[in-house]
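The values are calculated or read from the model by the stated rules, or taken from the named source; none is laboratory data. All of these numbers come straight from a predicted model, not from anything done at the bench. In this analysis, Cβ positions are derived from the backbone assuming ideal geometry, glycine residues included, and neighbour counts consider all displayed protein chains. Protein only, heavy atoms only, side chains kept; ligands, DNA and RNA dropped before computing areas. Shrake-Rupley method; radii C 1.70, N 1.55, O 1.52, S 1.80 Å.
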Amino acid sequence: MELRQIEYFIEVAKREHMTEAAVDLHVAQSAVSRQIYNLEEELGVPLFIREGRKIRLTPIGHTFLSHMEQAMDIINRAKREMAESLEPEKGTIRIGFPSSLASYVLPRVISDFRESYPQAKFTLKQGSYRYLIDSVIKGNINMALIGPLPVNEKKIKGETLFIENLVALLPESHPLALKKSLSLNELQGNPFILSPKGYVLRDLVMKACKLHGFEPEVAFEGKDTDAIKGLVAAGLGITLIPEISLIDSLPRFTVKLPLENPSVTRAVGVIVPTDRELMPTEKLFYQYLKDTFAKLEGFQK
């Protein structure tokens, strides 16, 4: 079995069309057909069902595809690791992040990192809390910025980078908008704008309010911080939101007020897998994150 055969097989299986696979592989269709035929002969089983110009995988073909995709992932990872071992400053960092860290934290740390390693490349994935955790576990990405850090997740480990305050965001016409700060119970009875059920930021706000004797009345929901900020700016309600998401981007017609007695916080950190090593360039960035956040102005452990 040759590596070229596996590459051809995977491409044909994805496209279910020999000609289209050949075009994408930049080879003649006859070469693809011949390699697939040789592979089936070697294995002794048909991998495809031919239906005119279209082809589709047999049941054993689906099983073989799953194994070969895993094998190619391992091979490609090994190639990448060898290359990055020679020049780690030129590798690629695959990292995920939530929307609340997209406007300030992530751009800042990437910019600072690339001052030292200008040839480093990044592959960025934005997603929900659960999506980020699952992506690290499955290997779609190798690290993620996240807050709060998850607990009882066996295949990942987390490192706290800083503690972040949540603040109240109100329409500027709100009766409380002229105050310098708020206590949480002053927000009781107001329509809240929160993330949908199942989002960790919503759970954090709901828990904080319940500890102070009330359950927020959720009037509207927004799947990301920009949507939530827009609804508040439209005067449709109030929210509690990570303060970092408002740096350089406080919406018009809104005010932010700190919370006192007590404050509401979350721990923001980075998660990595426990069952595999980071790539060399990712190790550089991971160590950079741990070393740097304590020194950055405005961030506290």
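Values for this structure:
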{"item": "Tally of residues being surrounded by 12 or more Cβ atoms within 10 Å (Cβ to Cβ) and on the phi > 0 side of the Ramachandran plot across segment 23-36", "result": "0"}
{"item": "Cross-chain or 6+ apart pairs with Cβ under 6 Å, segment 207-230 first and under 12 Å from Leu194 (Cβ atoms), then surrounded by fewer than 16 Cβ atoms within 10 Å (Cβ to Cβ)", "result": "Glu217/Pro191; Ala219/Pro191; Phe220/Leu236; Glu221/Pro196"}
{"item": "Residues being out of contact with any Leu (no Cβ under 7 Å at 6 or more places or on another chain), of a type outside the set (Gly, Ala, Ser) and not in a helix (DSSP H, G or I) - total across segment 74-97", "result": "4"}
{"item": "Matching residues, segment 191-206, being touching a residue at least 24 places away in the same chain (Cβ under 8 Å), assigned to a helix (DSSP H, G or I) and out of contact with any Phe, Trp or Tyr (no Cβ under 7 Å at 6 or more places or on another chain)", "result": "Leu201, Leu204, Val205"}
{"item": "Single residue of Thr58, Thr19 found to be surrounded by 12 or more Cβ atoms within 10 Å (Cβ to Cβ), modelled with pLDDT of 90 or more, at negative phi and not acidic (Asp, Glu)", "result": "Thr58"}
{"item": "Meets criteria (open to solvent by 60 Å² or more (accessible area, probe 1.4 Å), farther than 19 Å from Met1 by Cα and not in a helix (DSSP H, G or I)) for Arg50", "result": "yes"}
{"item": "Top-ranked residue in segment 98-114 [being assigned to a helix (DSSP H, G or I) and among the small types (Gly, Ala, Ser); ranked as least open to solvent (accessible area, probe 1.4 Å)]", "result": "Ser100"}
{"item": "Odd one out for Lys155 among (1) surrounded by fewer than 16 Cβ atoms within 10 Å (Cβ to Cβ); (2) within 30 Å of Pro251 (Cβ to Cβ); (3) of a type outside the set (A, V, I, L, M)", "result": "(2)"}
{"item": "Only listed residue being of a type in the set (A, V, I, L, M), open to solvent by less than 80 Å² (accessible area, probe 1.4 Å), in contact (Cβ under 8 Å) with a residue 60 or more places away in the chain and in a helix (DSSP H, G or I), chosen from Leu161, Leu132", "result": "Leu132"}
{"item": "Breaking point among (1) among the basic types (Lys, Arg); (2) in contact with a helix residue (DSSP H, G or I) (Cβ under 7 Å, 6 or more places away or on another chain); (3) surrounded by 13 or more Cβ atoms within 10 Å (Cβ to Cβ), for Lys179", "result": "(2)"}
{"item": "Pairs, first over 17 Å from Glu87 (Cα atoms) and of a type in the set (A, V, I, L, M, F, W, C) in segment 279-292, second open to solvent by 10 Å² or more (accessible area, probe 1.4 Å) and not in a helix (DSSP H, G or I), C-beta under 8 Å, six or more apart", "result": "Leu289/Glu159"}
{"item": "Number of the condition not met by Gly298 [criteria: (1) at pLDDT below 90; (2) over 30 Å from His212 (Cα atoms)]", "result": "(2)"}
{"item": "So Leu39, is it in a helix (DSSP H, G or I), open to solvent by less than 20 Å² (accessible area, probe 1.4 Å) and within 30 Å of Lys229 (Cβ to Cβ)", "result": "no"}
{"item": "Close pairs (6 angstrom Cβ cut-off, 6 or more residues apart or separate chains): over 25 Å from Gly139 (Cβ atoms) in segment 259-272, of a type in the set (S, T, N, Q) and not in a strand (DSSP E or B) anywhere", "result": "Glu260/Ser181"}
{"item": "Residue identified as open to solvent by 10 Å² or more (accessible area, probe 1.4 Å) and at pLDDT 90 or above among Leu240, Leu289, Leu236", "result": "Leu236"}
{"item": "Odd one out for Phe214 among (1) open to solvent by 70 Å² or more (accessible area, probe 1.4 Å); (2) in a loop (DSSP other than H, G, I, E, B); (3) not aliphatic (A, V, I, L, M)", "result": "(1)"}
{"item": "Arg266 being charged (D, E, K, R), within 29 Å of Phe122 (Cβ to Cβ), open to solvent by less than 60 Å² (accessible area, probe 1.4 Å) and out of contact with any strand residue (DSSP E or B) (no Cβ under 8 Å at 6 or more places or on another chain)", "result": "no"}
